[in-house]
Amino acid sequence: IKFYHNISIGEDLLFNIAYSSQVKKVCCIDEDIYFYRVILQSVSRRQDMSSVEKRLHFLCALNTLEVSSELSCTKDFKMIDIILRSIIAGTGHISDVNKTYKRLLPYLKMERVTEIIRDCRTENLSKSKWRNHIYRIIVIQLKRKKYKQALWEAFVYNVFNKIKELQA
């Protein structure tokens with residue numbers, strides 16, 4: 001089992017999926033032993049081209065990861081999640097929308113990604129009602145292959161969030 005030291009977003013998930021694919025038996029305990037610390041300035045929360053690149057690096061690793069049929073749904077869900085988060089992260093500034101479009105387009109056209117987008121059910125994509133709504137809109141645009149429109153929808157979402165932050 002490989003731990004991806006060269007990946008800064010999702011390396012723990014890659015390891016956990018690879019590990020889960022190798023075990024024959026699982027035992028569950030009712031204790032909190034995995035603690036996730038939210039850091040507002042972390043790589044996974046940043047909205048810039050650097051974070052998009054890191055997400056795409058993770059997406060490539062995840063795409064090549066062999067998983068059991070039981071874990072394929074988890075892998076597919078994470079792949080669409082990474083695409084959506086990359087779109088949001090890459091459209092925080094108007095000057096980044098076209099750069100993000102050019103960078104994401106080859107990934108959006110990957111056979112497995114187009115299959116996942118085509119089959120994506122949009123309910124409960126995010127815990128946030130507002131984010132779930134924009135994710136639905138983006139997925140609809142991606143299904144129609146209106147990739148640039150999807151990014152502009154994300155840009156509007158980001159502008160709206162910045163206005164909300166200023167009002168708070």
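The values are calculated or read from the model by the stated rules, or taken from the named source; none is laboratory data. All of these numbers come straight from a predicted model, not from anything done at the bench. Every residue, glycine among them, receives a Cβ derived from its backbone with ideal geometry; neighbour counts consider all protein chains shown. Surface accessibility is based on the protein's heavy atoms, side chains included, excluding ligands, DNA and RNA. Shrake-Rupley method; radii C 1.70, N 1.55, O 1.52, S 1.80 Å.
Keeping the other protein chains in place, figure out the carbon and sulfur percent of the accessible area of the range 1-101, with a 1.4 Å probe.
Working: 3480 of 6440 Å².
Heavy-atom surface of the range 1-101 belonging to carbon and sulfur, 1.4 Å probe: 54 percent.
Which value in deg cm²/dmol, rounded to the nearest 500, describes the helix-derived mean residue ellipticity at 222 nm for the chain, given -39,500 (n - 2.57) per DSSP H run of n ≥ 4 and division by the residue count?
Numbers: 7 runs with 106 residues, N = 168.
Helix-only estimate at 222 nm: -20500 deg cm²/dmol.
With the simple model of a label 7 Å out from the Cα in the direction of the Cβ, E66 to K148 spans 4.1 nm. For K54, which lysines qualify as cross-link partners when the Cα separation must be under 19 Å and same-chain residues fewer than eight apart are set aside? Result set, ordered by chain and number: K2, K75, K78, K99, K102, K109. Heavy atoms of the protein chains alone define the surface here; on that basis the chain has 65 Å² accessible area per residue at 1.4 Å probe size. Calculate, in whole percent, how much of the Cα-Cα pair population of the chain lies beyond 19 Å. More than 19 Å apart: 59 percent of the Cα pairs in the chain. Modelled this way, with points 7 Å down the Cα-to-C-beta line, the labels at S20 and T74 are 0.2 nm from one another.
Tell me, in nm to one decimal, what length is gained between S95 and N132 on full extension, where the rule is 0.36 nm per residue of separation less the Cα-Cα distance? Walk me through the numbers on the way to the answer.
Values: separation 37, 0.36 × 37 = 13.32 nm, distance 2.48 nm.
In short, 10.8 nm is gained.
Normalised by the number of residues in the chain, the average gap of Cα pairs under 8 Å and 6 or more apart makes the relative contact order 20 percent.
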